[in-house]
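Visitor: First, the structure itself, so that you have it in front of you.
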Ligand code: RET
């Protein structure tokens, strides 16, 4: 394996561990309700990925298919963590359980079929790619057409939902494009180049995701009534009225 790959994977592993630290901070904050935010699930996102990157940097689980090196832990990581990324966005939208689980299952299918395409040869590769890309479009439709219907009913989480929706919706479009240019597809970009781009994308898909939940943690404030304690504003209003009367 090239040094460039080892370095890229190690940098991503460190960046993902920062994400684990952010989730720790979320869990420890006494201003937010970790139970309501279901933050424990967020640990898995950067945590599992960091572990996968450490294993990939150590060249564990690398197989050669049609002369190309395939990192199995990339797909194992994706099949575990990407359903959580998209499912949690649905949870924040306030979507019912069946939608959250449904979108997570569809996502896992997209990855498994994508792995099938990577391990295949000839026409099967492109059929697999087409089916996986089709499932990706279904995910995007759910993210942009279905989840917003529920999100409108949960105003306090709306802003966080919009951030996660666009983070997942826009960033993920890069993955099938990179697959096409990679050695698994048309081979325009080398295995090293592809590995470096994916290492960067995976980090950007995960650590900022949990950071956004951190910055919008007030969506899960311990007691929303206490949090915007009505008293304060009314006092100001009352003072204003008194001042105006003077
Ligand atoms: C593949 C190839 C087949 C077609 C499609 C793909 C999509 C992959 C995606 C991966 C997202 C990964 C993320 C990882 C975070 O660490 C499997 C490349 C559509 C969308 C967000």
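Residues are listed down the side, and each one gets a yes or a no for (1) more than 22 Å from residue 93 (Cβ to Cβ); (2) touching a residue at least 40 places away in the same chain (Cβ under 8 Å); (3) not in a helix (DSSP H, G or I):
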{"residue": "5", "(1), (2), (3)": "yes, yes, no"}
{"residue": "10", "(1), (2), (3)": "yes, yes, no"}
{"residue": "15", "(1), (2), (3)": "yes, yes, no"}
{"residue": "18", "(1), (2), (3)": "yes, yes, no"}
{"residue": "21", "(1), (2), (3)": "yes, no, no"}
{"residue": "25", "(1), (2), (3)": "yes, yes, no"}
{"residue": "30", "(1), (2), (3)": "yes, yes, yes"}
{"residue": "36", "(1), (2), (3)": "no, yes, no"}
{"residue": "42", "(1), (2), (3)": "no, yes, no"}
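Visitor: Has the stretch 5-15 got any residue that is modelled with pLDDT under 95 and buried (at least 17 other Cβ atoms within 10 Å of the Cβ)?
Guide: Checked the stretch 5-15: at least one residue is modelled with pLDDT under 95 and buried (at least 17 other Cβ atoms within 10 Å of the Cβ).
Visitor: Yes or no: the stretch 196-208 includes at least one residue that is farther than 27 Å from residue 70 by Cα, in a helix (DSSP H, G or I), away from the ligand (no atom under 12 Å from the Cβ) and at pLDDT 95 or above.
Guide: no
Visitor: Cβ-Cβ under 7 Å, sequence separation 6+ or interchain: first residue in the stretch 139-150 and without any contact (Cβ under 8 Å) to a residue 40 or more places away in the chain and more than 11 Å from residue 165 (Cβ to Cβ), partner more than 14 Å from the ligand (Cβ to nearest atom) and part of a helix (DSSP H, G or I). Which pairs?
Guide: Taking only residues 6 or more apart or on different chains, not a single pair turns up.
Visitor: So, one more: Taking the stretch 150-184 only, how many residues are near the ligand (Cβ under 9 Å from one of its atoms) and at pLDDT below 95?
Guide: Result for the stretch 150-184: 1.
Visitor: Condition test on residue 90, is it under 13 Å from the mean Cα position of the chain (by Cα) and away from the ligand (no atom under 12 Å from the Cβ)?
Guide: yes
Visitor: Something else now. Every residue in the stretch 173-187 that is free of Cβ contacts under 8 Å to residues at least 60 places away in the same chain and in a loop (DSSP other than H, G, I, E, B), please.
Guide: 173, 182, 186, 187
The values are calculated or read from the model by the stated rules, or taken from the named source; none is laboratory data. This structure is a prediction, so every number in the text was calculated from the model and none was measured. Cβ coordinates were reconstructed from backbone atoms using ideal geometry, including for glycine residues, and neighbour counts include every protein chain displayed.
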